[in-house]
Amino acid sequence: MADDLDNTVDGQNKELKKTVEIHIQTTRQAAEQIQVQLADAEAVSKQVKVLIENAASEWKDIKASTTAR
């Protein structure tokens, strides 16, 4: 009876370990995907910033040229 209990506990421990390892792998993959998405978002935000700064500069130039007349 003790051997049966020992075998049952060992089996459950192996299943739990496998489940935890799968969870760790899944979590790592999700974190890597999130980091890629954040890097993409950062690149886009930098492009948007440049576009806004260029537009603001053009607006200032246009405003200055029309008020100088």
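The values are calculated or read from the model by the stated rules, or taken from the named source; none is laboratory data. Values in this document were obtained by computation on a predicted structure and should not be read as measured data. Note that we place each Cβ from the backbone using ideal geometry, even for glycine, and neighbour counts take in every protein chain shown. Only protein heavy atoms, including side chains, enter the accessible area calculation; ligands, DNA and RNA are left aside. Shrake-Rupley method; radii C 1.70, N 1.55, O 1.52, S 1.80 Å.
Here A2 meets the list (1) within 32 Å of the chain's Cα centre (by Cα); (2) open to solvent by less than 100 Å² (accessible area, probe 1.4 Å) almost entirely, failing just condition (1). Screening L38 against (1) over 22 Å from the mean Cα position of the chain (by Cα); (2) surrounded by 10 or more Cβ atoms within 10 Å (Cβ to Cβ) leaves a single unmet condition, (1). Return a yes/no flag: does the stretch 48-68 have any residue that is assigned to a loop (DSSP other than H, G, I, E, B) and open to solvent by less than 100 Å² (accessible area, probe 1.4 Å). Yes, there is a match, as at least one residue in the stretch 48-68 is assigned to a loop (DSSP other than H, G, I, E, B) and open to solvent by less than 100 Å² (accessible area, probe 1.4 Å).
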